[in-house]
Amino acid sequence: MTSKFLQLAMVAVGAALTLGSVSACADDSTATAPITSNPVTTTSMYSTQPSAASDTTSTTSAAPSGQPDDQQSAAAGSQLPATAPNPNTNVPQNFPGPNGQKVGQKGQAYLAALKAQKVTFMGDADNSVALTMAEYVCSERRKGTDPVTVKAFVTASVGPGTKTVAEANSKADKVIKAADEHYC
């Protein structure tokens, strides 16, 4: 009897919560917001705003091509800024990345095996992804991880540089074989 009462109570509470949430969502508070005559302004990430120093020169200059000033600034603002890295920036000495480490003999042998088989990782200019995959394969072998799991992870890392799933699987097999033979 008490279980039937509890079930009925749970259904009633669920219905009340559902009804409450539906009625709360139906009350749109923005529908009664006052309408004002204040102008709405928008900004653009690529718009060019004159600096304080150039304010005086921009107001006195005329549009040379006969276009209004706002069309010229829109054309100038449509160009994207340069985003090249600063070549003078150095990696800190205590940074734990591949730029501070030298590749050992087994790493060089592994990379040579990958190169001979024409296996590359997309965007891996410094071979950090390739070496990370070798470390991964070897550490998972020591742990006794299922080979299917290892292959799935390696396939996912080489996949972006391939056109088909078969090609990605083939490259993953080559990476695993090269790691087993030359790195582990």
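Only the coordinates and a few stated rules stand behind these numbers; no lab work does. Keep in mind that this is a model prediction, so the values were computed, not measured. Cβ atoms come from the backbone with ideal geometry, glycine included; neighbour counts cover every protein chain shown.
Indicate the gyration tensor shape class of the range 109-184 (rounded, prolate or oblate), computed on the Cα atoms with a ≥ b ≥ c the square roots of the eigenvalues: a/c under 1.5 is rounded; otherwise a/b larger than b/c is prolate and the rest oblate. Oblate, because a/c is 1.5 or more while a/b does not exceed b/c. Under the simplified labelling scheme, the M122-M10 pair shows an inter-label distance of 4.8 nm, with each label point 7 Å from Cα along Cα→Cβ.
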